[in-house]
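Participant: Next up is a structure, given as structure tokens.
Bear in mind that the values in this text are calculations on the coordinates, not laboratory data. Given the structure is predicted, the values throughout are model-derived calculations rather than measurements. Positions of Cβ are generated from backbone atoms using ideal geometry, with glycine treated the same way; all protein chains shown enter the neighbour counts.
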Amino acid sequence: MSTTNTRSIDFANGMTKKEVIAEYLPAFKAAFDRLKPSTRDFVYNDDFLGEIEGLAGTEDESRAIYWLQNARRQEVHFKRVDAALEEGWVDYEDLSESDREKRPESVLLVGRGEDSNVVGGSTEWIEIPSGRIVLDPESGEPTGILPKGKRTFGTRIEDRRLLVKPAGGKA
């Protein structure tokens, strides 16, 4: 006789992954705090097996844990971006034309952390001190960042959010 609960996570009524896991997030966060060792900032997915009430023993437990881990990473990422903005980083899009012409003290490319059916999304964090913003010659839009002293081998912006620390610390 199997002890596996056959309840599965479903996407009834067009629910997104985020909506499906929302009810389990508080229990997941409590389990994360309880299971997280002092020697690292993460907990392996398998460590959560059997630890989240309502998911323990279900056929979709591993999938839900994966989604919950991504949701937690995304939440941490957004807090980190908010902290950067409070520290004086500015969205490139919010700079005036004259401030855009000045070389920033530092450039930060961050993943947008979003996806249409989120529980993932990019949480990249690339800081380039004294980076030069390369603009598309036709549109004038930023396309890449070159590290100080480099003419090639920069970093493409792609779908990342571009933050700058203005020279002198003010925009």
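Participant: Add +1 for every Lys or Arg and -1 for every Asp or Glu among the other residues with Cβ under 12 Å from the Cβ of ARG103, and state the total.
Facilitator: +2
Participant: Quick one: ILE126, ILE145, fewest Cβ neighbours within 10 Å first, how do they rank?
Facilitator: Neighbour counts put them in this order, fewest first: ILE126, ILE145.
Participant: My understanding is that a pair violates if its Cα-Cα distance is over 28 Å; which of LYS36/LYS165; LYS79/LYS165; LYS18/LYS79; LYS18/LYS165; LYS17/LYS165 do that in this structure?
Facilitator: Correct reply: LYS36/LYS165; LYS18/LYS165; LYS17/LYS165.
Participant: What distance in nm separates the two pseudo spin-label positions at ASP91 and GLU124, each 7 Å out from Cα along the beta-carbon direction?
Facilitator: 1.9 nm
Participant: How do LYS18, LYS79, LYS165 line up, fewest other C-beta atoms within 10 Å first?
Facilitator: LYS79, LYS18, LYS165
Participant: Going by how many other beta carbons lie within 10 Å of each one, how would you line up ARG156, ARG63, fewest first?
Facilitator: ARG156, ARG63
Participant: Enumerate the amide H contacts of SER130 below 5 Å, restricted to partners 5 or more residues apart or on another chain; note that Pro and chain-start residues carry no placed amide H.
Facilitator: The answer is SER106, VAL107.
Participant: What relative contact order, as a whole-number percentage, does region 88-169 give when Cα pairs under 8 Å and 6 or more residues apart are counted?
Facilitator: About 40 percent, as a whole number.
Participant: If you stretched the chain out fully between LEU35 and SER98, how much longer would it get, using 0.36 nm times the residue separation minus the C-alpha to C-alpha distance? Numbers along the way, then the final one.
Facilitator: Working: separation 63, 0.36 × 63 = 22.68 nm, distance 5.01 nm.
Residue separation times 0.36 nm, minus the Cα-Cα distance, leaves 17.7 nm.
Participant: Oh, and also: If R0 is 25 Å, what FRET efficiency do you get for ALA56 and ASP159 from their C-beta distance, rounded to 0.05?
Facilitator: Efficiency, rounded to the nearest 0.05: 0.10.
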